[in-house]
Every structure is written in structure tokens, then in C-alpha cells.
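The values are calculated or read from the model by the stated rules, or taken from the named source; none is laboratory data. Given the structure is predicted, the values throughout are model-derived calculations rather than measurements. Please note: Cβ atoms are built from the backbone with ideal geometry, for glycine as well, and neighbour counts cover all protein chains shown. SASA here: full protein model, heavy atoms, side chains in, ligands and nucleic acids out. Shrake-Rupley method; radii C 1.70, N 1.55, O 1.52, S 1.80 Å.
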Amino acid sequence: MVVLSKITYLCQQISKPNIFHDMNNKKYFFAVDLGATSGRTIIGSIEDGKFDLEVVTRFPNNLIELGGHFYWDIYALYFEIIKGLKEVSRRGLEITSIGIDTWGVDFVMIGEDNHILRNPRAYRDPFTFDAMNHYLENVISKREVYDITGIQLLNFNSIFQLYGMKREGNAALKHAKKILFMPDALGWMLTGNEVCEYTIASTSELLDPRTKQLDERLLTSLGLSRSMFGKMVNPGTVVGVLTDEVQRMTGLGPVPVIAVAGHDTGSAVAAVPAKNEKFAYMSSGTWSPMGIETKDAIINDLSYELNFTNEGGIEGTTRFLRNICGMWIYERCRLEWPEEVRKLSHPELQGSAMQVEAFKSLINPDDPMFANPSSMIEAVQQYCRQTHQPVPETPAEICRCIFDSLALRYRQVFQWLQELAPFKLEVLHIIGGASLNKYLNQFTANATGAVVIAGPQEGAAIGNVMLQAKTAGLVKDIWEMRQIIANSQELTRFEPQDKAVWDEAYEKYLKIIN
């Protein structure tokens with residue numbers, strides 16, 4: 001593990017005069033970064049070719065179980081955004097703009113009276129499990145849907161959520177005038193304006209990446225019309241300014257709200273500090289989507305067979321990737337362990353896992369049984385029983401099983417990605433909250449055989465801020481954004497080790513999951 005030295009802005013100016021635009025006047029940007037388990041409001045500033053971030057507020061994003069379904073509390077999220085804006089106002093900071101990024105696929109339904117009809121369903125709601133198969137068997141075939149959208153077929157994608165709601169006679173859907181994806185819904189609550197931001201819409205499995213528009217045939221199959229969705233806009237579009245109500249509540253003026261890359265992975269990929277296009281990325285958090293950035297969608301027999309997805313990126317790029325379960329299993333197990341274990345720091349708990357036998361038990365992290373079980377510990381143990389492996393009992397054993405398995409799953413997807421990529425992959429960038437996990441980063445380098453560069457941690461928030469800065473004219477394009485990020489962050493490099501050991505473990509993993 002080697003820490004890469006920072007390259008100062010002064011050195012850049014000596015070697016490349018005038019590479020940055022005028023940044024003498026410090027600008028502040030307010031980023032809302034919402035994940036499936038927690039959220040943050042963040043202030044980012046750009047000055048002299050570098051950026052700084054400060055977390056203003058942190059808060060949980062809780063699943064609400066009611067009547068056999070799981071919901072998000074959209075009003076609680078709105079409250080937290082207002083709370084963060086109030087704090088900014090209290091400090092007397094003048095913010096240039098506001099940007100919101102969230103997880104994908106979920107949406108809010110608005111009625112004729114211009115009010116939210118009910119809290120949005122969460123993508124982990126089990127009602128989607130049967131909906132996908134029923135739709136693909138009775139409405140439009142699996143291959144046809146993939147050929148239109150190029151999107152990985154997952155039961156919780158918006159298309160199958162909407163179909164499931166239609167089948168159950170969902171009252172909110174019946175009376176919906178507008179359907180807004182999560183960041184667009186929150187932007188609407190702040191401004192009163194409706195848009196459909198491209199990167200978040202691309203997660204729905206309703207969008208054709210060639211036309212970059214929602215597909216009429218798919219909408220019609222659900223009994224929906226294009227008019228029910230907002231105007232399609234690209235990252236960097238001004239949605240509107242804060243309503244008079246929000247201005248009164250927060251003490252702020254008519255601050256613009258910018259449609260950044262509304263999908264958090266889209267914002268995170270914009271923050272990858274890559275030097276050129278020959279990189280793979282993994283946004284490591286609850287999920288660990290791994291992919292590449294391409295100019296055009298990749299939709300062919302192999303991408304269909306391997307279930308890869310084509311999601312929208314900034315500046316007309318495509319994020320070609322495969323969604324992989326990330327730290328979700330570990331996070332859920334940690335909630336179930338005794339209090340004395342939960343009190344341990346992540347490095348302490350993970351360090352204890354390094355002391356137990358490697359590769360003793362392995363799981364497929366993407367097996368459906370890990371989607372949202374009542375007990376994640378029991379799910380891990382049940383998988384091991386069913387596959388005739390030793391059953392991990394202690395927190396250290398379970399943690400080691402999860403980390404070994406994640407790294408081997410990453411290897412499998414990385415190899416598939418290299419087969420499909422139009423260029424040789426030179427490095428794997430790991431960004432996001434779990435990029436601080438030195439054990440899993442090293443395991444990933446060992447398993448994939450690729451050099452891993454970890455950081456930045458706040459990938460989505462940084463991308464969110466940088467896209468606002470680009471909209472404000474402070475940076476020119478994505479590569480200037482990435483150079484600023486590389487200049488401002490301390491990155492960590494992991495070299496592959498123990499090739500023979502990991503090759504043997506991978507063969508064992510393939511036998512278990514197959």
C-alpha cells in the first residue's frame with residue numbers, strides 16, 4: 001500500500017500555465033447526498049484549483065415497514081434538507097447553488113392537486129419479486145426490454161415497480177398526474193418545478209440510451225404516458241430557484257437548484273480522479289457498482305448474457321456497469337451483533353476478521369436471499385449450510401466470509417468487464433465510503449490482479465459539487481474536474497499480492513456459486 005503524493009496547484013501552474021479558470025473568488029455549493037441507509041448535506045468550495053468539503057449535517061434514511069410494504073419517508077428527507085439549509089444560513093454563507101443526488105430507481109407520485117399522494121415505495125419492497133417475471137413472461141420479453149434499454153434486469157427497477165403497482169391496483173398510481181424520480185421530487189419540493197434528470201431516469205429501465213428519451217412502447221405497456229414525467233434535462237441544468245416558502249423557512253434568497261447527476265453513482269463516477277479513459281471504477285458502499293465510462297452504450301449478446309447495464313453519465317457519456325452487492329450484508333449483520341461488537345470501530349472489527357482462516361466459507365453476495373432477509377446473519381449461515389460449507393458463527397468469521405466473497409465477486413465482474421470494454425483496463429479506481437476499507441481494497445487488488453487506487457471517499461458529494469461548479473463556469477469539462485479532484489485528495493494505491501492463493505480461492509468460489 002503506497003500513499004500517492006499530492007500535486008499542488010502551483011506545480012500544475014508551472015508545468016501547465018493557465019490550466020484552470022479564474023478561481024480567486026471563493027464559491028460555495030450545497031450538496032445533498034442521499035444513500036439508501038443515510039444522508040448528508042455538505043458544503044463544497046472551489047478556490048485556486050482545489051476544493052474543500054465540509055459535512056453540515058448527517059442523518060439516517062430509514063426504511064418504514066407498514067402494511068406489508070417498505071417505504072421511504074420523503075417528508076423526513078425534505079425536512080433534513082431544510083435543516084441543512086437553515087444551518088448554512090445561520091453561518092452566513094452565501095451559496096451559489098444546490099444539487100441533489102440519491103440512489104436510483106425509486107420515485108414519487110404527485111396528484112392533480114399538486115401534492116404527494118403517499119410516501120414512495122422502497123426498492124427493497126418484496127412486491128417486485130414476482131412483478132419482473134410476470135411482466136417479462138406476459139407483456140414484453142426479457143430480450144426485447146434489454147435491447148431497448150440496455151439495462152441490467154433487476155426486479156426492483158422502476159419499470160417492474162410500476163408494473164407491480166398496476167397489477168395490485170395501487171391507488172396512488174391510479175391518481176398520479178406526475179411521476180418524479182427521487183432527486184427530481186426533492187428538487188420539485190424546493191422549487192416547484194418538475195424535471196426528469198437523465199442519469200436518474202436511466203436507472204428506471206424505461207429509457208432508450210440511443211435516443212436518450214423514455215421509450216413510448218415501455219410506457220404504454222404500463223398504461224403510462226410521457227406527459228406524466230418531467231422534461232428530460234442533462235446534468236448541469238438549472239431546475240429553478242428556491243420557492244418563497246423555502247426562502248422564508250431557511251432565511252436564504254432565491255438560490256438556484258441545479259440538476260446534477262441525480263443518480264449518486266453518476267455523480268460519483270464524475271469524481272473518479274482518472275488520468276485517461278482506460279480505467280474501471282467501483283463506487284463502494286451499500287452497493288458496489290463496477291464499470292467503465294464509454295461514449296456509446298454497449299448492447300450486445302454478451303452484455304445481455306452477463307446482465308450488464310448502460311446508465312447515463314455526464315457530458316453524454318454512458319456508465320457501462322454491473323450492480324454488485326456491496327457492504328449491505330456487512331452493515332446488516334453489524335446491526336444484529338451484540339452491543340459489545342457494535343461498539344467496536346470498523347477497523348477493530350475488520351482487523352479481528354483478518355485473524356481467522358481465509359476462504360473457509362464463501363457466499364455469492366448477489367444471491368436473492370441477501371436482498372432483505374429478516375436476519376442477515378441467518379441468511380449467511382443458511383447459504384453456507386445449503387452449499388455444504390463450514391457455517392461461520394462469530395462476528396469475525398462472518399465478516400471474513402463477507403469480505404473474501406465480495407473480493408472474489410469483484411474479480412468475476414472485473415473479468416467480464418474486461419471482455420466487454422473497448423480498451424484495456426489499466427487501473428481500478430475505488431471511490432465512495434468503503435474506499436477507506438484497507439482490507440477489502442487490498443483483497444480486491446489481490447483478487448482482480450489490478451492496481452487499485454482508493455479515494456475519494458465522498459465520491460458522490462464531490463461529483464455533485466464539481467458539477468455545480470461546472471454549471472457556474474468554474475471548470476471547463478470532466479477532465480479538468482478530475483484533475484482538480486486528484487490535486488485535492490490523498491489517494492491510496494494497492495498492488496496485487498498472493499496471486500496463486502487468490503487464483504485457488506477463485507476456483508473454489510466458482511464451484512460454490514455454480
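Scanning for something open to solvent by 20 Å² or more (accessible area, probe 1.4 Å), of a type in the set (Asp, Glu), in contact with a Lys or Arg (Cβ under 9 Å, 6 or more places away or on another chain) and assigned to a helix (DSSP H, G or I), does region 212-231 turn up at least one residue?
Yes, region 212-231 contains a residue that is open to solvent by 20 Å² or more (accessible area, probe 1.4 Å), of a type in the set (Asp, Glu), in contact with a Lys or Arg (Cβ under 9 Å, 6 or more places away or on another chain) and assigned to a helix (DSSP H, G or I).
Name the single residue, out of those in region 32-54 being without any contact (Cβ under 8 Å) to a residue 40 or more places away in the chain and over 17 Å from the mean Cα position of the chain (by Cα), that is surrounded by the fewest Cβ atoms within 10 Å (Cβ to Cβ).
Glu54
Quick check on Pro235: is it part of a loop (DSSP other than H, G, I, E, B), crowded, with 21+ Cβ neighbours inside 10 Å and out of contact with any Asp or Glu (no Cβ under 9 Å at 6 or more places or on another chain)?
Judged against the criteria, Pro235 is not a match.
Within region 103-111, does at least one residue satisfy the condition of being surrounded by 19 or more Cβ atoms within 10 Å (Cβ to Cβ), at pLDDT below 95 and either under 30 Å from Glu331 (Cα atoms) or out of contact with any Asp or Glu (no Cβ under 7 Å at 6 or more places or on another chain) (or both)?
no
Counting just the residues of region 383-398 that are open to solvent by less than 60 Å² (accessible area, probe 1.4 Å) and over 23 Å from Tyr439 (Cα atoms), which one comes out farthest from the chain's Cα centre (by Cα)?
Gln389
Identify the single condition in (1) farther than 29 Å from Asp33 by Cα; (2) not in a helix (DSSP H, G or I) that Pro373 does not satisfy, given that it satisfies every other one.
With respect to (1) farther than 29 Å from Asp33 by Cα; (2) not in a helix (DSSP H, G or I), Pro373 is out only on (1).
What is the one condition in (1) surrounded by fewer than 17 Cβ atoms within 10 Å (Cβ to Cβ); (2) under 26 Å from the mean Cα position of the chain (by Cα) that Ile81 does not satisfy?
Going through the list (1) surrounded by fewer than 17 Cβ atoms within 10 Å (Cβ to Cβ); (2) under 26 Å from the mean Cα position of the chain (by Cα), Ile81 breaks only (1).
If you go through region 56-72 one residue at a time, how many are without any contact (Cβ under 8 Å) to a residue 40 or more places away in the chain, surrounded by fewer than 17 Cβ atoms within 10 Å (Cβ to Cβ) and in a strand (DSSP E or B)?
4
Here's the yes/no breakdown for (1) crowded, with 19+ Cβ neighbours inside 10 Å; (2) at pLDDT below 95; (3) under 28 Å from Pro347 (Cβ atoms):
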position: Glu378; (1), (2), (3): no, no, yes
position: Arg400; (1), (2), (3): yes, no, yes
position: Leu406; (1), (2), (3): yes, no, yes
position: Glu426; (1), (2), (3): no, yes, no
position: Gln442; (1), (2), (3): yes, no, yes
position: Ala445; (1), (2), (3): yes, no, yes
position: Gly463; (1), (2), (3): yes, no, yes
position: Met466; (1), (2), (3): yes, no, no
position: Val475; (1), (2), (3): yes, yes, no
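Got a sec? Which of Gly459, Gly433 is on the phi < 0 side of the Ramachandran plot, open to solvent by 20 Å² or more (accessible area, probe 1.4 Å) and modelled with pLDDT under 95?
None of the others qualify; the one that does is Gly433.
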